[in-house]
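A short reminder: the numbers here are calculations on the coordinates, not readings from a lab. The structure displayed is predicted, hence computed values, not measured ones. Here the Cβ positions follow ideal geometry from the backbone for every residue, glycine too, while neighbour counts run over all protein chains shown.
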Amino acid sequence: KIVHERTKDGLFNAATRIGMMARDDERAVETAYFAVLTRKPTAEEMAHFRQRLEGSKGDERSRRMEDLYWALVNSTEFSWNH
């Protein structure tokens, strides 16, 4: 429940703000990785998430950024390192 509350669509959460303010999809993915995992995404990770953000705007983009954050926060890497 707490993860959902922290990642759900809303102006004051990081996922939405990054999605709105990033100049492009690549920068949005990179910033999300830095914020959650404190590292850059690999080329494969970048391609995967950039493709999912491509062409999204407004509420749809916010939902996709929420999904990206959800995936990162629930990753094994996050649970072991943070």
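Residues in segment 74-81 carry Karplus couplings, in order, of 8, 6, 4, 4, 5, 5, 7, 9 Hz; the curve used is 6.51 cos²θ - 1.76 cosθ + 1.60 with θ = phi - 60°, and Gly or Pro positions show x.
A DSSP coil position with no more than 10 other Cβ atoms inside 10 Å describes the following GluC sites (Glu not before Pro) in segment 29-72: Glu54.
Along segment 17-29 the Karplus relation, 6.51 cos²θ - 1.76 cosθ + 1.60 evaluated at θ = phi - 60°, assigns HN-Hα couplings of 5, 5, x, 6, 9, 5, 6, 7, 4, 4, 5, 5, 5 Hz to successive residues, with x for each Gly and Pro. For segment 59-66, the Karplus equation 6.51 cos²θ - 1.76 cosθ + 1.60, evaluated at θ = phi - 60°, returns couplings of 4, 5, 5, 4, 5, 5, 5, 4 Hz by residue, with Gly and Pro reported as x. Among residues other than Arg23 with Cβ under 15 Å from its Cβ, the summed charge is 0 (Lys and Arg +1, Asp and Glu -1).
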